[in-house]
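Here the structure is laid out as structure tokens; the discussion comes afterwards.
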Amino acid sequence: MADVGTILFMTSKTLPTGVTTLDLIKTFAVICMILDHVGFYFFPEAPWFRVVGRLGGAPIWFFLVGYASSRDIPKTWMIGALALAVTDFALMGSVFSMNVLVTLIFLRLLIDPVMVFVMKSRYLFWLSAIILAFCFITTNMIVEYGTLAVLCGIFGYITKNRRKIERFTFFTKTDYKILSVVVLLSCSLLQSSAFGFSFAQSVAAFVALAGMTALLSQLKVETIPQITGTAKTAFLQFCGRQSLEIYVVHLLVFKIAFWGLFITGFYQ
């Protein structure tokens, strides 16, 4: 049985000139993310904004961290994580739970050693998956999404390297199907519980996440030649390749705007 650590050679990514499938997925995720935060900060009485956010929410980013070849930690991530933490402390007096960028940084640092550990045996793999799912509520209070992020990252890693992993380890096609279901149920049920969704909202989130899970399980990074036009290409590439910068900037604006409205009595 081959060591999982030797299966994938990690290299920094080179961005293609055309629009890719990753650009499309990330653009969709960015739009859903912004709608989610619009609901959270400005329309808390309208939970359907949050349901939309689950479809394009953080689990996609965690999946993509596991799926990616690069393990670089961009300075913009660290600066953004610090800026959001300082803003949270200044406005709310606390940095917990720490923002998603902190989670992404930890996940990128840990995903390779985690994979080496969980792939030692089938028993250890599934025990780890169960523990990661059940520890979500507790760890979510420390960093956003907590151990659920690791579970999604594992799913992304295995999806990217599925053929090699199935060839050289105990992991089979059946294991992959079960993992897909476990990730889907964990993301939908745990998030629905954490956000207090109604039955209808929980069902809608589950169906949407099922479609997204199926789409991600078939992900192949390739250029889409059918998408042409300077403006369209520029928009999709900007959203896809500066998605985390967009996350930081729009959150800073939303946080400051919310507190500005709050202290002026707008929400009273």
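Looking at this structure, is LEU15 among the aliphatic types (A, V, I, L, M) and either modelled with pLDDT under 90 or assigned to a strand (DSSP E or B) (or both)?
yes
Restricting to segment 88-106, count the residues that are within 22 Å of LEU189 (Cα to Cα) and in a helix (DSSP H, G or I).
Of the residues in that region, 3 qualify.
Across segment 22-55, which residue is surrounded by the most Cβ atoms within 10 Å (Cβ to Cβ) among those that are modelled with pLDDT of 90 or more and touching a Leu at 6+ places or on another chain (Cβ under 6 Å)?
Looking at the filtered set, the residue picked out is ASP23.
I'd like to check something: does segment 221-241 contain any residue that is closer than 21 Å to THR159 by Cβ and buried (at least 19 other Cβ atoms within 10 Å of the Cβ)?
yes
Considering only residues that are surrounded by fewer than 20 Cβ atoms within 10 Å (Cβ to Cβ) and of a type in the set (Gly, Ala, Ser), which ones fall in segment 89-132?
ALA90, GLY93, SER94, SER97, SER121, SER128
Restricting attention to segment 207-258, which residues are of a type in the set (S, T, N, Q), in contact (Cβ under 8 Å) with a residue 40 or more places away in the chain and out of contact with any strand residue (DSSP E or B) (no Cβ under 8 Å at 6 or more places or on another chain)?
Within segment 207-258, SER217, THR233, GLN237, SER243 qualify.
Contact list please: Cβ distance under 9 Å, first residue in segment 40-56 and without any contact (Cβ under 8 Å) to a residue 24 or more places away in the chain, second residue surrounded by fewer than 20 Cβ atoms within 10 Å (Cβ to Cβ) and not in a helix (DSSP H, G or I), pairs at least six apart or on different chains.
Within 9 Å, the pairs are PHE49/PHE43.
Okay, residues lined up against (1) closer than 18 Å to LEU82 by Cα; (2) basic (Lys, Arg); (3) assigned to a helix (DSSP H, G or I):
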| residue | (1), (2), (3) |
| --- | --- |
| VAL221 | no, no, no |
| PRO225 | no, no, no |
| ALA231 | no, no, yes |
| GLN237 | no, no, yes |
| LEU252 | yes, no, yes |
| PHE258 | no, no, yes |
| LEU261 | no, no, yes |
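Counting only residues that are modelled with pLDDT of 90 or more and loosely packed, with under 13 Cβ neighbours inside 10 Å, how many does segment 183-206 have?
Counting residues in segment 183-206 that are modelled with pLDDT of 90 or more and loosely packed, with under 13 Cβ neighbours inside 10 Å gives 3.
Could you look through segment 65-78, keep only residues that are β-branched (Val, Ile, Thr) and in contact (Cβ under 8 Å) with a residue 40 or more places away in the chain, and pick out the one that is nearest to ARG108 (Cα to Cα)?
Ranking the candidates gives VAL65 first.
One line per residue, one yes/no per condition, for (1) of a type outside the set (Asp, Glu); (2) in contact with a strand residue (DSSP E or B) (Cβ under 7 Å, 6 or more places away or on another chain); (3) at pLDDT below 95; (4) farther than 30 Å from ALA85 by Cβ:
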| position | (1), (2), (3), (4) |
| --- | --- |
| PHE136 | yes, no, yes, no |
| VAL150 | yes, no, no, no |
| ILE158 | yes, no, no, yes |
| THR174 | yes, no, no, yes |
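Read through the list (1) within 19 Å of ALA58 (Cβ to Cβ); (2) surrounded by fewer than 17 Cβ atoms within 10 Å (Cβ to Cβ); (3) small (Gly, Ala, Ser), then give the number of the only condition that SER180 fails.
Every listed condition holds for SER180 apart from (2).
For segment 208-218, check the following and say yes or no: at least one residue is exposed (fewer than 13 other Cβ atoms within 10 Å of the Cβ) and at pLDDT below 90.
Scanning segment 208-218 turns up no residue that is exposed (fewer than 13 other Cβ atoms within 10 Å of the Cβ) and at pLDDT below 90.
Out of (1) small (Gly, Ala, Ser); (2) part of a helix (DSSP H, G or I); (3) under 30 Å from LEU261 (Cβ atoms), what's the single condition that is false for ALA46?
For ALA46, the exception is condition (2).
The values are calculated or read from the model by the stated rules, or taken from the named source; none is laboratory data. These figures come from a predicted structure and were not determined experimentally. Cβ sites come from the backbone with ideal geometry, for glycine too, and all protein chains shown count toward neighbours.
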